[in-house]
Amino acid sequence: MLRYAIPWAELPPAYGWPSGQTCWRRFTEWRRAGVWEQLLGRMQQLLEQEGLVDWSRALADASLVDAKKGAPRSPARSAAAQAAVST
(Lines give C-alpha, C1' and ligand atoms only; values in the text may rest on other atoms or scores of the structure.)
Protein backbone atom coordinates (compact mmCIF):
# COMPACT_ATOMS: atom_id res chain seq x y z
CA MET A 1 0.00 0.00 0.00
CA LEU A 2 2.67 2.49 1.02
CA ARG A 3 4.96 1.50 -1.81
CA TYR A 4 2.37 2.01 -4.53
CA ALA A 5 0.33 4.77 -2.84
CA ILE A 6 -3.05 3.17 -3.43
CA PRO A 7 -5.99 4.13 -1.20
CA TRP A 8 -6.57 1.88 1.79
CA ALA A 9 -10.08 1.08 0.55
CA GLU A 10 -8.62 -0.34 -2.67
CA LEU A 11 -6.48 -3.00 -1.01
CA PRO A 12 -7.55 -6.21 -2.71
CA PRO A 13 -9.41 -8.62 -0.47
CA ALA A 14 -7.43 -11.74 0.32
CA TYR A 15 -8.36 -14.70 2.48
CA GLY A 16 -6.70 -14.48 5.88
CA TRP A 17 -5.66 -10.82 5.48
CA PRO A 18 -7.33 -7.82 7.13
CA SER A 19 -9.47 -5.33 5.23
CA GLY A 20 -8.15 -1.98 4.03
CA GLN A 21 -10.01 -0.25 6.87
CA THR A 22 -8.37 -2.51 9.46
CA CYS A 23 -4.94 -1.95 7.91
CA TRP A 24 -5.47 1.81 8.01
CA ARG A 25 -6.63 1.69 11.63
CA ARG A 26 -3.66 -0.41 12.77
CA PHE A 27 -1.18 1.69 10.81
CA THR A 28 -2.59 4.83 12.47
CA GLU A 29 -2.55 3.27 15.95
CA TRP A 30 1.04 2.08 15.51
CA ARG A 31 2.13 5.48 14.20
CA ARG A 32 0.60 7.23 17.22
CA ALA A 33 2.20 4.68 19.56
CA GLY A 34 5.66 5.30 18.06
CA VAL A 35 6.01 1.75 16.73
CA TRP A 36 7.57 2.86 13.41
CA GLU A 37 10.18 5.07 15.10
CA GLN A 38 11.09 2.24 17.48
CA LEU A 39 11.32 -0.21 14.59
CA LEU A 40 13.56 2.12 12.59
CA GLY A 41 15.78 2.77 15.62
CA ARG A 42 16.14 -0.94 16.35
CA MET A 43 16.87 -1.75 12.71
CA GLN A 44 19.57 0.96 12.56
CA GLN A 45 21.05 -0.37 15.80
CA LEU A 46 21.23 -3.93 14.46
CA LEU A 47 22.72 -2.83 11.14
CA GLU A 48 25.35 -0.76 12.93
CA GLN A 49 26.27 -3.66 15.22
CA GLU A 50 26.87 -5.78 12.10
CA GLY A 51 28.97 -3.02 10.51
CA LEU A 52 26.50 -2.60 7.68
CA VAL A 53 25.89 1.15 8.08
CA ASP A 54 28.16 3.88 6.75
CA TRP A 55 26.90 6.99 8.54
CA SER A 56 29.28 9.19 6.53
CA ARG A 57 26.93 8.57 3.60
CA ALA A 58 23.68 9.18 5.49
CA LEU A 59 21.16 11.62 4.03
CA ALA A 60 17.95 13.11 5.37
CA ASP A 61 15.48 14.10 2.67
CA ALA A 62 12.21 15.91 3.30
CA SER A 63 11.50 16.83 -0.31
CA LEU A 64 8.27 14.83 -0.24
CA VAL A 65 6.80 16.87 2.59
CA ASP A 66 4.45 19.58 1.33
CA ALA A 67 4.67 23.05 2.82
CA LYS A 68 1.40 24.44 4.08
CA LYS A 69 -0.12 27.13 1.90
CA GLY A 70 1.07 30.52 2.99
CA ALA A 71 3.86 29.10 5.17
CA PRO A 72 6.92 31.35 5.23
CA ARG A 73 9.91 30.06 3.29
CA SER A 74 13.00 29.27 5.28
CA PRO A 75 15.72 31.96 4.97
CA ALA A 76 18.31 29.40 3.82
CA ARG A 77 16.07 28.06 1.05
CA SER A 78 15.09 31.56 -0.13
CA ALA A 79 18.74 32.67 -0.28
CA ALA A 80 19.73 29.53 -2.17
CA ALA A 81 16.91 30.03 -4.67
CA GLN A 82 18.00 33.62 -5.34
CA ALA A 83 21.61 32.56 -5.80
CA ALA A 84 20.78 29.65 -8.13
CA VAL A 85 21.67 30.06 -11.77
CA SER A 86 19.00 29.12 -14.28
CA THR A 87 20.16 26.80 -17.04
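The values are calculated or read from the model by the stated rules, or taken from the named source; none is laboratory data. Owing to the predicted nature of the structure, the values given are computational and were not obtained by experimental measurement. For neighbour counting, all protein chains shown are included, and Cβ atoms are generated from backbone atoms with ideal geometry for every residue, glycine included.
Of note:
- Within region 1-36, the set of residues being on the phi < 0 side of the Ramachandran plot, within 17 Å of the chain's Cα centre (by Cα) and either exposed (fewer than 11 other Cβ atoms within 10 Å of the Cβ) or hydroxyl-bearing (Ser, Thr, Tyr) (or both) comprises LEU2, ARG3, TYR4, PRO7, THR28, GLU29, ARG32, ALA33.
- Of the residues making up region 37-87, those that are at pLDDT 90 or above and of a type in the set (A, V, I, L, M, F, W, C) are LEU39, LEU40, MET43, LEU46, LEU47, LEU52.
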